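The values are calculated or read from the model by the stated rules, or taken from the named source; none is laboratory data. A quick note: this is a predicted structure, and the numbers were derived from the prediction, not measured. Here the Cβ positions follow ideal geometry from the backbone for every residue, glycine too, while neighbour counts run over all protein chains shown. Remember, those area values only see protein heavy atoms, side chains included, never the ligands or the DNA or RNA. Shrake-Rupley method; radii C 1.70, N 1.55, O 1.52, S 1.80 Å.
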Amino acid sequence: MPASRLLPSDEAVDLIGLVRDLATRELAPLVARAEREEQFPREVFRVLGRAGLLGLPYPEEYGGGGLAYEVYLQVLEEIGAVWASVGVGTSVHALSCFGLVTAGTEEQRQRWLPDMLGGELLGAYCLSEPHAGSDPAAMTTRARLDGDEYVITGAKAWTTHGGHADYYKVMARTGDGRNDISCFLVPADTDGLVADPPEQKMGLTGSATATMRFDGVRIPVERRLGAEGQGLKIALAGLDAGRLGIAAVATGLAQGALDHAVAYAQSRETFGERIIDHQGLSFVLADMEAAVQSARATMLHAARLKDQGLPYGREASVAKLVATDNAMRVTTDAVQVLGGYGYTRDFPVERYMREAKVMQIFEGTNQIQRLVIGRSLDRGDSGRLHRST
Ligand SMILES: Cc1cc2nc3c(=O)[nH]c(=O)nc-3n(C[C@H](O)[C@H](O)[C@H](O)COP(=O)(O)OP(=O)(O)OC[C@H]3O[C@@H](n4cnc5c(N)ncnc54)[C@H](O)[C@@H]3O)c2cc1C
(Lines give C-alpha, C1' and ligand atoms only; values in the text may rest on other atoms or scores of the structure.)
Protein backbone atom coordinates (compact mmCIF):
# COMPACT_ATOMS: atom_id res chain seq x y z
CA MET A 1 0.00 0.00 0.00
CA PRO A 2 1.45 3.43 -0.81
CA ALA A 3 1.86 4.87 2.69
CA SER A 4 3.39 8.18 1.86
CA ARG A 5 3.74 10.95 -0.65
CA LEU A 6 6.74 13.19 -1.02
CA LEU A 7 6.12 16.65 0.34
CA PRO A 8 7.49 19.59 -1.55
CA SER A 9 10.65 20.37 0.30
CA ASP A 10 9.55 23.84 1.47
CA GLU A 11 6.39 22.32 2.97
CA ALA A 12 8.56 19.75 4.75
CA VAL A 13 10.92 22.43 6.01
CA ASP A 14 7.94 24.43 7.35
CA LEU A 15 6.59 21.38 9.18
CA ILE A 16 9.97 20.58 10.73
CA GLY A 17 10.30 24.23 11.82
CA LEU A 18 6.80 24.15 13.38
CA VAL A 19 7.67 21.02 15.34
CA ARG A 20 10.93 22.59 16.51
CA ASP A 21 8.91 25.57 17.82
CA LEU A 22 6.34 23.31 19.47
CA ALA A 23 9.09 21.25 21.12
CA THR A 24 10.85 24.38 22.39
CA ARG A 25 7.71 26.14 23.61
CA GLU A 26 5.58 23.27 24.94
CA LEU A 27 7.89 20.36 25.72
CA ALA A 28 11.18 21.88 26.87
CA PRO A 29 9.74 23.54 30.02
CA LEU A 30 8.36 20.17 31.20
CA VAL A 31 11.30 17.83 30.56
CA ALA A 32 13.59 18.22 33.56
CA ARG A 33 10.86 17.80 36.16
CA ALA A 34 9.08 14.89 34.48
CA GLU A 35 12.37 13.02 34.05
CA ARG A 36 13.50 13.76 37.61
CA GLU A 37 10.17 12.69 39.10
CA GLU A 38 9.81 9.74 36.69
CA GLN A 39 6.39 10.97 35.57
CA PHE A 40 5.03 9.60 32.30
CA PRO A 41 3.78 12.65 30.35
CA ARG A 42 0.51 11.20 28.99
CA GLU A 43 -0.88 14.70 28.36
CA VAL A 44 2.06 15.55 26.09
CA PHE A 45 1.06 12.67 23.82
CA ARG A 46 -2.46 14.13 23.64
CA VAL A 47 -0.93 17.45 22.55
CA LEU A 48 1.12 15.68 19.88
CA GLY A 49 -1.95 13.70 18.79
CA ARG A 50 -4.05 16.87 18.45
CA ALA A 51 -1.21 18.41 16.41
CA GLY A 52 -1.39 15.39 14.07
CA LEU A 53 2.09 14.20 15.01
CA LEU A 54 1.30 10.63 16.12
CA GLY A 55 0.40 9.17 12.72
CA LEU A 56 2.66 11.09 10.38
CA PRO A 57 4.07 8.31 8.18
CA TYR A 58 0.75 6.54 7.64
CA PRO A 59 -1.92 7.03 4.94
CA GLU A 60 -4.16 10.08 5.12
CA GLU A 61 -7.25 8.00 4.31
CA TYR A 62 -7.01 6.43 7.79
CA GLY A 63 -6.21 9.67 9.58
CA GLY A 64 -2.43 9.62 9.18
CA GLY A 65 -0.23 12.42 7.88
CA GLY A 66 0.74 10.72 4.60
CA LEU A 67 4.30 11.96 5.02
CA ALA A 68 7.41 10.58 3.43
CA TYR A 69 9.40 8.63 6.01
CA GLU A 70 12.30 10.96 5.36
CA VAL A 71 10.25 13.91 6.63
CA TYR A 72 8.70 11.97 9.52
CA LEU A 73 12.17 11.07 10.80
CA GLN A 74 13.26 14.70 10.76
CA VAL A 75 10.17 15.59 12.79
CA LEU A 76 11.09 12.83 15.25
CA GLU A 77 14.62 14.19 15.42
CA GLU A 78 13.27 17.59 16.51
CA ILE A 79 11.25 15.98 19.30
CA GLY A 80 14.21 13.79 20.32
CA ALA A 81 16.49 16.85 20.51
CA VAL A 82 14.28 18.25 23.26
CA TRP A 83 12.78 15.19 24.96
CA ALA A 84 14.09 11.72 24.19
CA SER A 85 11.37 9.92 26.20
CA VAL A 86 8.68 11.57 24.08
CA GLY A 87 10.61 10.96 20.85
CA VAL A 88 10.95 7.27 21.72
CA GLY A 89 7.26 7.14 22.71
CA THR A 90 6.22 8.69 19.39
CA SER A 91 8.32 6.12 17.54
CA VAL A 92 6.95 3.21 19.61
CA HIS A 93 3.40 4.42 18.96
CA ALA A 94 4.15 4.37 15.21
CA LEU A 95 5.51 0.85 15.65
CA SER A 96 2.31 -0.20 17.42
CA CYS A 97 0.29 0.93 14.36
CA PHE A 98 2.56 -0.74 11.79
CA GLY A 99 1.03 -4.24 11.89
CA LEU A 100 -2.51 -2.97 11.41
CA VAL A 101 -1.50 -0.74 8.49
CA THR A 102 0.51 -3.41 6.71
CA ALA A 103 -1.25 -6.67 7.66
CA GLY A 104 -4.74 -5.69 8.82
CA THR A 105 -7.87 -6.25 6.73
CA GLU A 106 -9.66 -3.23 5.30
CA GLU A 107 -12.38 -3.69 7.93
CA GLN A 108 -9.81 -3.78 10.77
CA ARG A 109 -8.09 -0.66 9.46
CA GLN A 110 -11.33 1.29 9.10
CA ARG A 111 -12.36 0.28 12.59
CA TRP A 112 -9.24 1.00 14.64
CA LEU A 113 -6.71 3.04 12.69
CA PRO A 114 -8.33 6.51 12.79
CA ASP A 115 -8.24 6.64 16.61
CA MET A 116 -4.71 5.18 16.69
CA LEU A 117 -3.30 7.51 14.06
CA GLY A 118 -5.30 10.51 15.23
CA GLY A 119 -3.74 10.30 18.67
CA GLU A 120 -6.90 9.45 20.63
CA LEU A 121 -5.29 6.16 21.64
CA LEU A 122 -1.70 5.50 22.66
CA GLY A 123 -0.13 2.19 21.69
CA ALA A 124 2.55 -0.18 22.94
CA TYR A 125 4.52 -2.99 21.32
CA CYS A 126 4.97 -6.29 23.15
CA LEU A 127 7.61 -8.55 21.62
CA SER A 128 10.34 -9.03 24.25
CA GLU A 129 10.02 -11.43 27.16
CA PRO A 130 12.12 -11.88 30.29
CA HIS A 131 14.07 -14.71 28.62
CA ALA A 132 13.60 -13.73 24.97
CA GLY A 133 14.98 -10.31 23.96
CA SER A 134 17.53 -10.59 21.15
CA ASP A 135 15.99 -13.94 20.21
CA PRO A 136 12.24 -13.20 20.15
CA ALA A 137 11.39 -16.55 18.51
CA ALA A 138 12.25 -18.10 21.90
CA MET A 139 9.12 -16.49 23.36
CA THR A 140 6.78 -18.58 25.50
CA THR A 141 3.69 -16.36 25.73
CA ARG A 142 0.94 -18.40 24.13
CA ALA A 143 -2.36 -17.58 22.42
CA ARG A 144 -4.67 -20.62 22.43
CA LEU A 145 -7.72 -20.66 20.17
CA ASP A 146 -10.92 -21.36 22.10
CA GLY A 147 -14.01 -21.11 19.87
CA ASP A 148 -14.01 -17.62 18.38
CA GLU A 149 -11.59 -16.25 20.97
CA TYR A 150 -7.88 -16.47 21.70
CA VAL A 151 -6.74 -16.91 25.28
CA ILE A 152 -3.35 -15.28 25.88
CA THR A 153 -1.13 -16.33 28.79
CA GLY A 154 2.41 -15.21 29.54
CA ALA A 155 4.50 -12.11 30.27
CA LYS A 156 5.90 -9.43 27.99
CA ALA A 157 8.94 -7.65 29.40
CA TRP A 158 10.16 -4.09 28.88
CA THR A 159 6.96 -2.73 27.41
CA THR A 160 7.35 0.97 26.64
CA HIS A 161 4.10 2.68 27.78
CA GLY A 162 3.32 -0.46 29.83
CA GLY A 163 0.47 0.44 32.20
CA HIS A 164 -0.31 3.68 30.30
CA ALA A 165 -1.13 2.51 26.76
CA ASP A 166 -4.69 2.17 25.48
CA TYR A 167 -3.86 -0.95 23.47
CA TYR A 168 -1.01 -3.44 23.17
CA LYS A 169 0.26 -4.97 19.95
CA VAL A 170 1.22 -8.41 21.19
CA MET A 171 3.19 -11.22 19.58
CA ALA A 172 2.29 -14.64 21.01
CA ARG A 173 2.92 -18.26 20.14
CA THR A 174 0.05 -20.03 18.33
CA GLY A 175 1.90 -23.26 17.53
CA ASP A 176 4.90 -25.32 18.56
CA GLY A 177 7.21 -24.50 15.64
CA ARG A 178 9.83 -21.87 16.44
CA ASN A 179 8.21 -19.27 14.19
CA ASP A 180 4.57 -20.16 14.95
CA ILE A 181 3.87 -16.71 16.29
CA SER A 182 0.86 -14.49 15.63
CA CYS A 183 0.12 -10.80 16.18
CA PHE A 184 -2.81 -9.39 18.17
CA LEU A 185 -4.21 -6.01 19.17
CA VAL A 186 -5.22 -6.21 22.82
CA PRO A 187 -7.20 -3.35 24.44
CA ALA A 188 -5.71 -2.20 27.75
CA ASP A 189 -8.92 -2.78 29.68
CA THR A 190 -9.20 -6.48 28.82
CA ASP A 191 -9.69 -8.70 31.89
CA GLY A 192 -6.52 -10.50 32.98
CA LEU A 193 -4.08 -7.93 31.57
CA VAL A 194 -2.04 -6.14 34.25
CA ALA A 195 1.16 -4.11 34.38
CA ASP A 196 3.94 -4.75 36.88
CA PRO A 197 5.39 -1.69 38.64
CA PRO A 198 7.60 0.25 36.21
CA GLU A 199 11.29 -0.61 35.83
CA GLN A 200 13.72 1.64 37.73
CA LYS A 201 15.91 2.77 34.84
CA MET A 202 19.17 4.75 34.65
CA GLY A 203 17.71 7.05 32.00
CA LEU A 204 14.63 7.72 29.89
CA THR A 205 12.91 7.96 33.24
CA GLY A 206 9.92 9.88 31.86
CA SER A 207 9.12 6.88 29.68
CA ALA A 208 7.29 4.16 31.59
CA THR A 209 8.68 0.65 30.95
CA ALA A 210 6.90 -2.31 32.51
CA THR A 211 6.33 -6.05 32.23
CA MET A 212 2.79 -6.77 31.06
CA ARG A 213 1.20 -9.93 32.47
CA PHE A 214 -1.40 -11.85 30.49
CA ASP A 215 -3.38 -14.16 32.70
CA GLY A 216 -5.92 -15.92 30.46
CA VAL A 217 -6.62 -12.72 28.50
CA ARG A 218 -9.51 -13.40 26.09
CA ILE A 219 -9.75 -11.51 22.83
CA PRO A 220 -11.96 -12.15 19.79
CA VAL A 221 -10.39 -13.76 16.72
CA GLU A 222 -10.97 -10.53 14.77
CA ARG A 223 -8.24 -8.89 16.85
CA ARG A 224 -5.57 -11.04 15.20
CA LEU A 225 -3.59 -9.10 12.58
CA GLY A 226 -2.59 -11.12 9.51
CA ALA A 227 -2.77 -14.89 9.27
CA GLU A 228 -1.81 -17.26 12.09
CA GLY A 229 1.95 -17.74 12.03
CA GLN A 230 2.64 -14.35 10.39
CA GLY A 231 3.28 -12.53 13.66
CA LEU A 232 7.06 -12.69 13.80
CA LYS A 233 7.30 -11.49 10.21
CA ILE A 234 5.00 -8.55 11.01
CA ALA A 235 6.96 -7.76 14.18
CA LEU A 236 10.35 -7.81 12.46
CA ALA A 237 9.18 -5.79 9.44
CA GLY A 238 7.89 -3.18 11.88
CA LEU A 239 11.26 -3.14 13.60
CA ASP A 240 13.04 -2.21 10.36
CA ALA A 241 10.94 0.96 10.26
CA GLY A 242 11.09 1.40 14.04
CA ARG A 243 14.88 1.24 14.09
CA LEU A 244 14.94 4.27 11.86
CA GLY A 245 12.75 6.03 14.42
CA ILE A 246 15.30 5.22 17.12
CA ALA A 247 18.09 6.44 14.82
CA ALA A 248 16.19 9.72 14.44
CA VAL A 249 15.67 10.19 18.19
CA ALA A 250 19.34 9.35 18.82
CA THR A 251 20.40 11.88 16.20
CA GLY A 252 18.20 14.51 17.84
CA LEU A 253 19.62 13.65 21.24
CA ALA A 254 23.17 14.03 19.93
CA GLN A 255 22.26 17.32 18.24
CA GLY A 256 20.76 18.60 21.49
CA ALA A 257 23.90 17.66 23.43
CA LEU A 258 26.12 19.30 20.82
CA ASP A 259 24.07 22.52 20.92
CA HIS A 260 24.48 22.70 24.71
CA ALA A 261 28.20 21.98 24.44
CA VAL A 262 28.79 24.67 21.82
CA ALA A 263 26.84 27.28 23.79
CA TYR A 264 28.80 26.42 26.94
CA ALA A 265 32.14 26.45 25.12
CA GLN A 266 31.37 29.93 23.80
CA SER A 267 30.72 31.34 27.25
CA ARG A 268 33.18 29.52 29.53
CA GLU A 269 36.70 30.96 29.77
CA THR A 270 39.98 29.39 30.89
CA PHE A 271 43.49 30.80 30.57
CA GLY A 272 41.93 34.13 29.48
CA GLU A 273 40.13 32.68 26.45
CA ARG A 274 36.77 31.08 25.63
CA ILE A 275 37.27 27.33 25.78
CA ILE A 276 36.03 27.05 22.18
CA ASP A 277 39.12 29.05 21.21
CA HIS A 278 41.38 26.27 22.53
CA GLN A 279 42.01 24.13 19.50
CA GLY A 280 42.05 20.93 21.55
CA LEU A 281 38.48 21.62 22.69
CA SER A 282 37.17 22.89 19.35
CA PHE A 283 38.40 19.64 17.76
CA VAL A 284 36.22 17.71 20.21
CA LEU A 285 33.25 19.81 19.08
CA ALA A 286 34.18 19.30 15.42
CA ASP A 287 34.22 15.53 15.88
CA MET A 288 30.81 15.77 17.58
CA GLU A 289 29.42 17.70 14.60
CA ALA A 290 30.86 15.12 12.17
CA ALA A 291 29.26 12.32 14.19
CA VAL A 292 25.83 14.02 14.17
CA GLN A 293 26.00 14.71 10.45
CA SER A 294 27.03 11.17 9.56
CA ALA A 295 24.24 9.76 11.74
CA ARG A 296 21.70 11.97 10.00
CA ALA A 297 23.02 11.02 6.57
CA THR A 298 22.78 7.25 7.16
CA MET A 299 19.28 7.63 8.59
CA LEU A 300 18.02 9.73 5.66
CA HIS A 301 19.65 7.40 3.14
CA ALA A 302 17.72 4.43 4.56
CA ALA A 303 14.52 6.48 4.72
CA ARG A 304 14.81 7.45 1.06
CA LEU A 305 15.16 3.80 0.08
CA LYS A 306 12.03 3.03 2.11
CA ASP A 307 10.16 5.94 0.52
CA GLN A 308 11.01 4.56 -2.93
CA GLY A 309 9.75 1.10 -2.01
CA LEU A 310 13.28 -0.37 -2.18
CA PRO A 311 14.71 -2.85 0.36
CA TYR A 312 16.08 -0.91 3.32
CA GLY A 313 16.48 -3.41 6.19
CA ARG A 314 20.27 -3.51 6.08
CA GLU A 315 20.46 0.29 5.78
CA ALA A 316 18.05 0.66 8.73
CA SER A 317 20.42 -1.45 10.81
CA VAL A 318 23.40 0.64 9.67
CA ALA A 319 21.51 3.82 10.56
CA LYS A 320 20.51 2.51 14.00
CA LEU A 321 24.07 1.36 14.69
CA VAL A 322 25.77 4.56 13.51
CA ALA A 323 23.24 6.97 15.04
CA THR A 324 23.11 5.34 18.46
CA ASP A 325 26.85 4.65 18.78
CA ASN A 326 27.49 8.24 17.70
CA ALA A 327 24.90 9.54 20.16
CA MET A 328 26.68 7.69 22.97
CA ARG A 329 30.02 9.24 21.99
CA VAL A 330 28.63 12.75 21.38
CA THR A 331 26.70 12.88 24.66
CA THR A 332 29.74 11.58 26.59
CA ASP A 333 31.88 14.26 24.95
CA ALA A 334 29.27 16.90 25.80
CA VAL A 335 29.74 16.04 29.48
CA GLN A 336 33.50 16.44 28.96
CA VAL A 337 33.07 19.86 27.33
CA LEU A 338 31.15 21.11 30.36
CA GLY A 339 33.85 19.84 32.74
CA GLY A 340 32.68 19.35 36.34
CA TYR A 341 29.38 21.08 35.60
CA GLY A 342 28.65 18.46 32.96
CA TYR A 343 28.68 15.85 35.70
CA THR A 344 25.94 17.60 37.68
CA ARG A 345 22.19 17.60 37.27
CA ASP A 346 22.27 21.40 36.89
CA PHE A 347 22.84 20.87 33.16
CA PRO A 348 20.95 18.43 30.94
CA VAL A 349 23.98 16.80 29.29
CA GLU A 350 24.41 14.08 31.93
CA ARG A 351 20.78 13.11 31.27
CA TYR A 352 21.43 13.00 27.54
CA MET A 353 24.34 10.64 28.21
CA ARG A 354 22.16 8.31 30.29
CA GLU A 355 19.46 8.43 27.63
CA ALA A 356 21.90 7.65 24.79
CA LYS A 357 22.90 4.37 26.42
CA VAL A 358 19.52 2.71 26.00
CA MET A 359 19.42 3.61 22.30
CA GLN A 360 22.24 1.08 21.80
CA ILE A 361 20.11 -1.58 23.51
CA PHE A 362 16.47 -1.48 22.45
CA GLU A 363 14.83 -2.34 19.09
CA GLY A 364 17.69 -4.79 18.59
CA THR A 365 20.97 -4.27 20.42
CA ASN A 366 23.83 -2.94 18.34
CA GLN A 367 25.34 -6.44 18.33
CA ILE A 368 22.11 -7.62 16.67
CA GLN A 369 22.33 -4.77 14.12
CA ARG A 370 25.84 -5.98 13.26
CA LEU A 371 24.45 -9.49 12.92
CA VAL A 372 21.81 -8.26 10.45
CA ILE A 373 24.40 -6.30 8.46
CA GLY A 374 26.86 -9.21 8.46
CA ARG A 375 24.22 -11.68 7.25
CA SER A 376 23.21 -9.30 4.48
CA LEU A 377 26.84 -9.04 3.35
CA ASP A 378 27.10 -12.84 3.40
CA ARG A 379 24.02 -13.05 1.16
CA GLY A 380 25.83 -10.82 -1.30
CA ASP A 381 23.33 -7.93 -1.03
CA SER A 382 25.10 -4.94 -2.44
CA GLY A 383 24.90 -1.43 -1.03
CA ARG A 384 26.20 -0.26 -4.41
CA LEU A 385 22.76 -0.75 -5.97
CA HIS A 386 21.53 2.07 -3.78
CA ARG A 387 24.37 4.49 -4.24
CA SER A 388 22.54 6.68 -6.69
CA THR A 389 19.86 7.65 -4.13
C1 LIG B 1 14.00 1.11 28.19
C2 LIG B 1 13.66 -0.08 27.36
C3 LIG B 1 12.50 -0.08 26.60
C4 LIG B 1 12.16 -1.18 25.83
N5 LIG B 1 10.96 -1.17 25.14
C6 LIG B 1 10.54 -2.31 24.53
C7 LIG B 1 9.22 -2.38 23.94
O8 LIG B 1 8.46 -1.39 23.93
N9 LIG B 1 8.82 -3.55 23.42
C10 LIG B 1 9.62 -4.66 23.40
O11 LIG B 1 9.19 -5.68 22.88
N12 LIG B 1 10.87 -4.63 23.94
C13 LIG B 1 11.34 -3.49 24.50
N14 LIG B 1 12.59 -3.45 25.08
C15 LIG B 1 13.41 -4.67 25.11
C16 LIG B 1 14.65 -4.60 24.24
O17 LIG B 1 14.30 -4.63 22.88
C18 LIG B 1 15.57 -5.73 24.67
O19 LIG B 1 16.09 -5.38 25.95
C20 LIG B 1 16.69 -5.97 23.69
O21 LIG B 1 16.18 -6.50 22.48
C22 LIG B 1 17.75 -6.92 24.24
O23 LIG B 1 17.19 -8.07 24.79
P24 LIG B 1 17.66 -8.54 26.25
O25 LIG B 1 17.57 -7.38 27.16
O26 LIG B 1 16.89 -9.75 26.58
O27 LIG B 1 19.20 -8.88 26.08
P28 LIG B 1 19.80 -10.28 25.61
O29 LIG B 1 19.10 -10.73 24.38
O30 LIG B 1 19.82 -11.20 26.77
O31 LIG B 1 21.30 -9.86 25.25
C32 LIG B 1 22.30 -9.68 26.24
C33 LIG B 1 23.61 -9.27 25.54
O34 LIG B 1 24.01 -10.30 24.63
C35 LIG B 1 24.19 -9.77 23.34
N36 LIG B 1 23.78 -10.77 22.35
C37 LIG B 1 22.64 -11.51 22.35
N38 LIG B 1 22.61 -12.34 21.30
C39 LIG B 1 23.76 -12.10 20.59
C40 LIG B 1 24.33 -12.62 19.40
N41 LIG B 1 23.68 -13.54 18.66
N42 LIG B 1 25.53 -12.14 18.99
C43 LIG B 1 26.19 -11.21 19.72
N44 LIG B 1 25.71 -10.66 20.85
C45 LIG B 1 24.51 -11.11 21.27
C46 LIG B 1 23.27 -8.53 23.29
O47 LIG B 1 23.70 -7.61 22.30
C48 LIG B 1 23.43 -8.00 24.70
O49 LIG B 1 24.61 -7.23 24.76
C50 LIG B 1 13.00 -2.32 25.81
C51 LIG B 1 14.18 -2.32 26.56
C52 LIG B 1 14.52 -1.23 27.32
C53 LIG B 1 15.78 -1.26 28.14
Pairing the Cα long axis of helix 349-359 with the longest principal axis of the chain, what angle in degrees results, from 0 to 90 and rounded to the nearest 10?
30
So for R0 = 25 Å, FRET eff. of Q110-R379 from the Cβ-Cβ r, to 0.05, ends up at 0.05
If Lys and Arg each add +1 and Asp and Glu each add -1, what is the summed charge of the other residues whose beta carbon sits under 14 Å from the beta carbon of Y62?
-4
Could you do me a favour and compute the accessible area per residue for the stretch 285-389, 1.4 Å probe, result in Å²?
50
With every atom except the alpha carbons ignored, what do you get for Rg and Dmax of the chain, in angstroms?
20.9, 79
Write out the chymotrypsin sites (Phe, Trp or Tyr not before Pro) in the stretch 256-292 meeting two conditions: DSSP loop, and at most 10 other Cβ atoms within 10 Å of their Cβ.
F271
Quick one: dipole size for the stretch 232-386, taken about the Cα centre, charges +1 on Lys/Arg Cβ and -1 on Asp/Glu Cβ, in debye to the nearest 20.
680
Given a cut-off of 21 Å, name the pairs among K233/K357; K169/K233; K201/K357 whose C-alpha atoms lie farther apart than that in the structure shown.
K233/K357
In whole percent, the fraction of accessible protein surface over the chain that belongs to carbon or sulfur atoms, probe radius 1.4 Å, stands at 52
Go through the stretch 288-389 and name the trypsin sites (Lys or Arg not before Pro) that are in a DSSP coil and have 15 or fewer other Cβ atoms within 10 Å of their Cβ.
R345, R387
Dividing the convex hull volume of the Cα atoms of the stretch 4-72 by its residue count, what figure in Å³ per residue is obtained?
90
Determine the dipole magnitude for the chain: charges of +1 sit on the beta-carbon of Lys and Arg, -1 on that of Asp and Glu, nothing else is charged, the reference point is the Cα centre, and the result goes in debye to the nearest 20.
740
Calculate, for E61 and H278, the FRET efficiency according to 1/(1 + (r/R0)^6) with r their C-beta to C-beta distance and R0 45 Å; round to the nearest 0.05.
0.20
